[in-house]
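Quick notes on the structure that follows.
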Amino acid sequence: MQRFRKFKNYFIHKYKNQYLRAKPFYMSQPDIPQLNKLATQIRRDIVRMVHACQSGHPGGSLGCTDFFVALYFHHLQHNPKFNMDAKGEDLFFLSNGHISPVWYATLARAGYFEVNELATFRFLNTRLQGHPATHEHLPGVRVASGSLGQGLSVAIGAAQVKKLNQDNHLVYVLMGDGEQQEGQIWEAAMYAAHNKVDNLIATIDYNGQQIDGPVEKIVSLQNLKAKWESFGWTVLEFNGNAMDEVINGISLAKSLAHKGKPVLNLMKTEMGFGVDYMMGSHKWHGVAPNDEELAKALAQLPETVGDY
Amino acid sequence: MTKFTFTEKKDTRSGFGAGLLELGKSNSDVVALCADLTGSLKMDAFKKEFPDRFFQVGIAEANMMGLAAGMTIGGKIPFTGTFANFSTGRVYDQIRQSIAYSGKNVKICASHAGLTLGEDGATHQILEDIGMMKMLPGMTVIVPCDYNQTKAATIALGKHVGPAYLRFGRPGWPVFTAADRPFIIGKADKMVEGKDVTIFATGHMVWQAIEAEAKLAEQSISAEVINIHTIKPLDVEAILASVQKTKCAVTCEEHQINGGLGDSVAQVLARFYPAPLELVAVNDSFGESGTPTQLLKKYGLAPEDVIKAVDKVLKRKVV
């Protein structure tokens with residue numbers, strides 16, 4: 001109850017009339033130690049966010065943190081002074097919207113909104129909805145996601161408009177591996193290759209887990225690489241939990257853009273990466289740590305650029 | 001007031017095709033997507049004129065809705081085209097999340113709605129689409145009555161901002177409104193002035209209501225006919241003004257009795273001006289194969305059914 005009051009005041013006093021923004025932060029040359037520091041801080045943000053509201057999805061968020069850091073702090077040409085149409089910018093869409101904690105923490109750390117707003121995640125009246133939404137006008141989000149399978153189609157539409165507008169920037173989209181069970185993904189995959197949507201870089205968070213258990217046991221994806229290749233995509237593979245490999249993986253994908261085929265990254269990650277007891281199990285897909293578990297997680301994730 | 005007559009029959013989908021072509025000429029941000037029904041939706045002219053702004057999606061309606069949502073980012077105004085069944089029921093969650101909840105400026109244009117689709121039968125004759133679409137927060141729902149109004153509605157949507165659903169049909173249908181008749185989204189169109197009963201009709205049923213009105217006039221019953229072409233936002237003011245005068249009403253729609261125009265009007269009357277109301281609609285049943293006229297008769301949507309409903313509601317009227 002006390003916590004609720006604290007947030008209520010927080011909204012009234014801090015967010016009613018002003019939105020202080022963090023200073024934007026990018027790197028033209030990748031500084032791997034610095035990017036790793038940011039990733040550690042963002043992982044810290046994630047566990048603190050889901051702990052505070054006792055809900056949310058830490059597992060996939062932690063697994064994808066390195067990807068988000070590599071993208072937003074090095075590869076993506078973006079402007080934290082958010083504009084929905086983003087002409088002359090790269091675009092990013094999150095299709096597996098349940099890993100919103102990592103996206104929100106990244107957006108805040110990249111200067112889209114003040115990092116303190118992360119404390120409002122999933123609380124009443126927040127802009128940081130459980131799943132990403134445009135309804136509350138959170139800077140950085142361009143479409144709602146959460147109901148799975150839809151983000152790739154949206155990204156393809158946005159990429160085709162980039163071409164119509166003669167804008168050479170790229171469109172990125174992240175999907176889950178369990179999400180590959182949705183039929184719409186394959187409608188979109190077929191369409192993008194047929195129409196040579198080659199300004200698009202899709203990535204699959206290939207962590208092998210979904211809510212009910214290992215993907216292989218729920219409904220196997222069989223040879224996912226061969227599937228995408230047979231649909232007409234260029235497929236790359238890299239480890240999503242080593243910063244240099246993520247940086248290089250996305251670099252390679254970018255170099256293959258504008259060559260007649262859409263590009264897919266099969267990015268191997270470990271769910272819960274960075275918090276030992278959360279790693280490698282579907283158990284932490286959508287469960288928040290208790291006080292004791294939080295302390296244990298934070299001990300493994302030292303504060304680097306400062307807590308919110 | 002003008003007596004409505006017609007000299008030709010034209011399908012409302014052709015009105016959509018003509019309107020889309022005109023929009024394409026006047027606004028270079030208008031783009032069109034179609035799921036393998038270009039001919040049926042009368043989108044060929046747009047496709048031919050603006051090949052760069054036409055997107056053939058194939059038989060993949062879920063993907064089409066997502067693409068359309070994405071195309072709004074960067075300033076385009078996407079018009080999607082497929083049958084009403086595949087424009088709504090098949091892709092409800094895609095519309096709900098990627099378009100409606102995301103507040104995207106997508107125009108969902110749906111042909112072959114209702115029983116008048118005819119011989120293809122119940123799999124394609126959607127009678128639930130108005131209900132599904134009007135329930136979505138922020139969704140505008142438009143059901144024009146003939147070729148001219150469908151064209152005007154399509155053109156009006158080019159200037160409208162926000163998600164919208166435009167419903168039209170397959171069969172040749174009387175063209176009884178003038179090409180220059182004003183069309184304003186959200187503003188009910190009074191077709192015939194009357195004093196004994198109000199008939200609120202939408203889509204193809206506006207013509208049925210006008211035919212019924214003429215026969216009622218022969219029995220000295222003065223019916224007011226109001227075309228509710230915009231189901232949402234509903235013109236509450238016009239509905240109340242008319243019923244306050246006539247004291248009773250009938251609604252007519254080519255839709256299930258649940259969830260359509262009748263429901264919307266009933267809600268307004270129950271809340272603001274309780275008055276007897278009868279609903280002419282499909283009574284909680286699926287359709288079947290047949291000609292449009294046969295089906296309208298069998299499922300209770302012929303002008304005689306409108307007259308029966310008027311007789312019934314007049315008996316309930318408190319004088």
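The values are calculated or read from the model by the stated rules, or taken from the named source; none is laboratory data. Remember, predicted model here, so these are calculated numbers, not experimental data. Glycine also receives a Cβ, built like all others from the backbone with ideal geometry; neighbour counts cover every protein chain displayed. Protein only, heavy atoms only, side chains kept; ligands, DNA and RNA dropped before computing areas. Shrake-Rupley method; radii C 1.70, N 1.55, O 1.52, S 1.80 Å.
Summary of values
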| quantity | calculated |
| --- | --- |
| Calculated FRET value between B:LYS187 and B:THR7, using beta carbons and R₀ = 30 Å, to 0.05 | 0.65 |
| Simple spin-label estimate for A:LYS259 and B:ARG271 in nanometres, 7 Å along Cα-Cβ | 5.9 nm |
| The protein assembly as shown, helix-only ellipticity at 222 nm - DSSP H runs n ≥ 4, -39,500 (n - 2.57), divided by all residues, nearest 500 | -10500 deg cm²/dmol |
| DSSP beta bridge pairing in the stretch B:9-174, given as percent antiparallel to the nearest 5 | 15 percent |
| Residues of the stretch B:194-249: accessible area per residue with a 1.4 Å probe, Å² | 30 Å² |
| Shielded by partner chains, the stretch B:74-93 residues - at least 20 Å² of accessible area, 1.4 Å probe, vs chain alone | B:GLY74, B:LYS76, B:ASP93 |
| Candidates A:ALA105, A:ALA133, A:ALA86: whichever shows maximal mean-square fluctuation once chain A is modelled as a Gaussian network with Cα springs under 10 Å | A:ALA86 |
| Mean shadow area of the protein assembly as shown, taken as a quarter of the surface of its Cα convex hull (nm²) | 30.1 nm² |
| Cα shape, the stretch B:189-310, gyration tensor, a/c 1.5 rule | oblate |
| Local net charge near B:ASP29, Cβ-Cβ under 13 Å (Lys/Arg +1, Asp/Glu -1) | +4 |
| Heavy-atom accessible surface of the stretch A:186-230: percent carbon and sulfur, 1.4 Å | 53 percent |
| Estimated distance in nm for a label pair at B:GLU49 and B:ASP93, the labels positioned 7 Å out from Cα along Cα-to-Cβ | 3.8 nm |
| Selected from A:LEU118, A:LEU264, A:LEU164 as most flexible by GNM, with chain A as the system and alpha-carbon contacts under 10 Å | A:LEU164 |
| The stretch B:9-174 shape via C-alpha gyration tensor axes, a/c threshold 1.5 | rounded |
| Contact order normalised by residue count of chain A, Cα under 8 Å, 6+ apart, percent | 25 percent |
| Reduction of at least 40 Å² in accessible surface, 1.4 Å probe, comparing all protein chains with the chain by itself, residues of the stretch B:30-60 | B:PHE55 |
| Spread of Cα-to-Cα distances over 10 Å intervals beginning at zero, given as percent, for chain B | 6, 29, 36, 21, 7, 1, 0 |
| Partner aspartates and glutamates for A:LYS225 [C-alpha distance under 20 Å; skip if fewer than 8 residues away on the same chain] | A:ASP177, A:GLU179, A:GLU182, A:GLU187, A:ASP198, A:ASP205, A:GLU216, A:GLU237, A:GLU245, A:GLU270 |
| Top of A:PRO262, A:PRO132, A:PRO80 by mean-square fluctuation, Gaussian network on chain A, Cα under 10 Å | A:PRO80 |
| Above-threshold pairs, the threshold being 19 Å between Cα atoms, out of A:LYS261/B:LYS107; B:LYS187/B:LYS308; B:LYS25/B:LYS190; B:LYS187/B:LYS232 | A:LYS261/B:LYS107; B:LYS187/B:LYS308; B:LYS25/B:LYS190 |
| FRET E, pair A:LEU164, B:LYS159, Förster distance 25 Å, beta-carbon r, rounded to 0.05 | 0.75 |
| Bins of 20 Å from zero: percent of alpha-carbon pairs in chain A | 35, 59, 6 |
| Ranked order, A:HIS74, A:HIS258 - accessible area, probe 1.4 Å, largest first | A:HIS258, A:HIS74 |
| Beta bridges by DSSP in the stretch B:189-310, antiparallel share as percent, to the nearest 5 | 20 percent |
| Solvent-accessible area of B:LYS215 with every protein chain in place, 1.4 Å probe, in Å² to the nearest 10 | 80 Å² |
| For the stretch A:231-270 versus the stretch A:65-117, the gap between their alpha-carbon centres in whole angstrom | 18 Å |
| Probe 1.4 Å, protein heavy atoms only - accessible area per residue of the stretch B:88-128 in square angstrom | 28 Å² |
| Set of lysines near A:LYS296 by C-alpha distance (under 26 Å), chain-local residues within fewer than 8 positions excluded | A:LYS6, A:LYS37, A:LYS268, A:LYS283 |
| Area hidden from solvent between A and B (accessible, protein heavy atoms only, 1.4 Å, total, Å²) | 2200 Å² |
| FRET efficiency for A:ILE211 and B:MET135, using Cβ-Cβ distance with R0 set to 30 Å, rounded to 0.05 | 0.60 |
| Cα long-axis angle, helix B:12-26 against chain B (0 to 90 degrees, to the nearest 10) | 50 degrees |
| Simple spin-label estimate for A:GLU245 and A:ILE32 in nanometres, 7 Å along Cα-Cβ | 1.2 nm |
| The stretch A:133-169 versus the stretch B:57-88: alpha-carbon centroid distance in Å | 13 Å |
| Sulfur and carbon atoms: percent of accessible area, the stretch B:189-310 [1.4 Å] | 53 percent |
| In the stretch A:42-124, trypsin sites (Lys or Arg not before Pro) in a DSSP loop with at most 16 other beta-carbon atoms within 10 Å | A:LYS81, A:LYS87 |
